[in-house]
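The values are calculated or read from the model by the stated rules, or taken from the named source; none is laboratory data. Please read all numbers here as calculations on a predicted model, not as lab measurements. All Cβ positions, glycine included, derive from the backbone under ideal geometry; neighbour counts span all protein chains shown. Areas reflect the complete protein model, heavy atoms only, side chains present, ligands, DNA and RNA absent. Shrake-Rupley method; radii C 1.70, N 1.55, O 1.52, S 1.80 Å.
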Amino acid sequence: MANSSSVNRETLQTQLSTQLFLGGTFCDASDGETFEVRDPADDSVIARVASATEADAETALDLAVKKQKEWENTAPRDRAELLRRCWEAVMAHADELTLLQTWEMGRALPDSAGEVTYGAEYFRWFSEEATRMRGDFRRAPAGNGRIVVQRRPVGPVLAITPWNFPLAMATRKIGPALAAGCTIIVKPASKTPLTMLYLAKLMKDAGLPDGVLSILPTARSSRISALLADPRLRKLTFTGSTEVGQKLAAQAAEHSVKVSLELGGNAPFVVLEDADIDKAVTGALQAKMRNGGQACTAANRFYVHESLAEEFIDRLGDGMAEYRMGAGWNEGVKLGPLAQPQQVETVRELVDDAIAAGGSVLLGGEGEIATGWKGQDADVAPNESGYYYPATLLVNVPDCARVHREEIFGPVAVVNTFTDEADAISRANDTEYGLVSYLFTQDLNRALDVAEQLESGMVAVNRGVLSDPAAPFGGVKESGLGREGGFEGIDEYTEPIYIGLEA
């Protein structure tokens, strides 16, 4: 989306929904409470949004339970057609959704535009999967009967989504839930609720039946997660931090609620000596700088073979230096503010710790360590009240530094070298997380061999972006449970039911 678009913040302001979405209507919170949504570019207030209470959450669950059987028994083709119309609606309003995400989250317009296309595709993909839910029919091995397996909707779902992808993290939960025949309650992040509320309006206009979907923004997450104590809720799907996800999973276990978790990441980016350097640098910029580094799939730890390290670092620095910082909607800006002031402080602490441990800043940083690239002036925050941190390149950071152990969630690349492939694999796997790994080599057999040794749920080979609605997204170790997208995604919202028939 370019600045020439007819959509601007003034016209978009008049289209915003700021109330809860319950029973197919927008309404105030039961106690009238609201909370502020702020613009990361200058800390101004965009809107005040209704803050759902426990009573509102209970109402949403009552509606979901009441509507469950009707929606479950709706013809799969009809569920599919609804999702198809929702995809069309999102694409028809791509400009509005692009600007809205940049406004409430801060990132540059090209990143927001990419998410609109990506997020919408979950509706189209699962519209096609709604009519293809598979079962099984076979003869029992003993020959004394028939085995019939059906997949049945699990029941009412609670979806909790993060702030960093306010559209796509919702559509990849709503899409399969509705396709499978489940009603769903969504709690969007309090930092970025406006995108989800705008989506609800589009879905209602597309023919969404009342009560099938509820949207409950709130300033107090515990009000919504309290639903996990109600045995009528049958599924929790959560994207966010490992700490919070594990606590919610423990609550869900009390009533054996089915759980899927997409948690933190600490992605390694391994460049072997036979890598195509052009692809490696392009992939590094995509994997690191997309969304300003605020992605669970963002590459954090770069391990580059010593024979390529000098050229890789030089060219990566050239690329990162082109990420001009500013308000995300401004022409030419590639790096908007981070989403919240706490995130800026976290990134600042990680960089300071890396330097204290012995690392060097080649580009970026702040204050006394602020460094320009190849003699250029250092990039500085355009607005002191906004939440900015510049593109930063660190090298020679010891593996003991926090920046290697913790998720950065900011535009900071940390490059170290290696000489031995086995050492690179060992260092790549030396993390509690296991969401995604990046690998660059021109040898296909070697790529498969190394990919099989990397401890992550996804491996991107010679590419910097791998998320695809048609592929199963998810991690191992502390990065979560279950998969979203692909053929596997809809199974997370169903239970296999075995029916034994007499021979």
### Query
Somewhere in the stretch 130-151, is a residue within 30 Å of residue 335 (Cβ to Cβ), at pLDDT 95 or above and among the hydroxyl-bearing types (Ser, Thr, Tyr)?
no
## Note on the structure
Filtering the stretch 233-249 down to residues that are open to solvent by 60 Å² or more (accessible area, probe 1.4 Å) and in a helix (DSSP H, G or I) yields 243, 244, 246, 247
### Task
Being free of Cβ contacts under 8 Å to residues at least 40 places away in the same chain and in a helix (DSSP H, G or I) narrows it down to one of 332, 319, so name that one.
319
### Query
What tally of residues in the stretch 209-220 results from selecting those that are open to solvent by less than 10 Å² (accessible area, probe 1.4 Å) and not polar (S, T, N, Q)?
6
### Task
Look at residue 219 and say whether it is part of a loop (DSSP other than H, G, I, E, B), among the aliphatic types (A, V, I, L, M), at negative phi and in contact with a Pro (Cβ under 6 Å, 6 or more places away or on another chain).
no
### Query
When only residues in the stretch 343-371 that are modelled with pLDDT under 95 and surrounded by fewer than 17 Cβ atoms within 10 Å (Cβ to Cβ) count, which is farthest from residue 296 (Cα to Cα)?
368
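Each row is one residue, and each column tells you yes or no for (1) buried (at least 23 other Cβ atoms within 10 Å of the Cβ); (2) of a type in the set (A, V, I, L, M, F, W, C); (3) assigned to a helix (DSSP H, G or I); (4) in contact with a strand residue (DSSP E or B) (Cβ under 8 Å, 6 or more places away or on another chain).
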position: 172; (1), (2), (3), (4): yes, no, yes, yes
position: 179; (1), (2), (3), (4): yes, yes, yes, no
position: 190; (1), (2), (3), (4): no, no, no, yes
position: 231; (1), (2), (3), (4): no, no, no, no
### Query
How many residues does the stretch 292-304 contain that are polar (S, T, N, Q) and crowded, with 24+ Cβ neighbours inside 10 Å?
2
#### Entry: Search result, residues across the stretch 302-352 that are more than 29 Å from residue 440 (Cβ to Cβ) and of a type in the set (D, E, K, R)
331, 345, 348, 349, 352
### Message
Criterion first (open to solvent by less than 60 Å² (accessible area, probe 1.4 Å), in contact (Cβ under 8 Å) with a residue 24 or more places away in the chain, over 24 Å from residue 388 (Cα atoms) and among the hydrophobic types (A, V, I, L, M, F, W, C)) does residue 64 satisfy it?
### Response
yes
### Task
Name the one entry in 124, 146 that is basic (Lys, Arg), touching a helix residue (DSSP H, G or I) at 6+ places or on another chain (Cβ under 7 Å) and surrounded by fewer than 24 Cβ atoms within 10 Å (Cβ to Cβ).
124
### Query
Can residue 225 be described as within 25 Å of residue 164 (Cα to Cα), within 20 Å of the chain's Cα centre (by Cα) and open to solvent by less than 40 Å² (accessible area, probe 1.4 Å)?
yes
### Summary
Considering residues that are assigned to a loop (DSSP other than H, G, I, E, B), under 20 Å from residue 316 (Cβ atoms) and touching a residue at least 40 places away in the same chain (Cβ under 8 Å), the number found within the stretch 381-397 is 4
### Query
What pairs can you find where one residue is in the stretch 218-243 and without any contact (Cβ under 8 Å) to a residue 60 or more places away in the chain, the other is among the small types (Gly, Ala, Ser) and not in a helix (DSSP H, G or I), and their Cβ atoms are less than 8 Å apart, with a gap of 6+ or different chains?
241/264
### Task
Among the residues of the stretch 17-61, count how many are open to solvent by 40 Å² or more (accessible area, probe 1.4 Å), farther than 30 Å from residue 390 by Cα, charged (D, E, K, R) and in contact with a strand residue (DSSP E or B) (Cβ under 8 Å, 6 or more places away or on another chain).
2
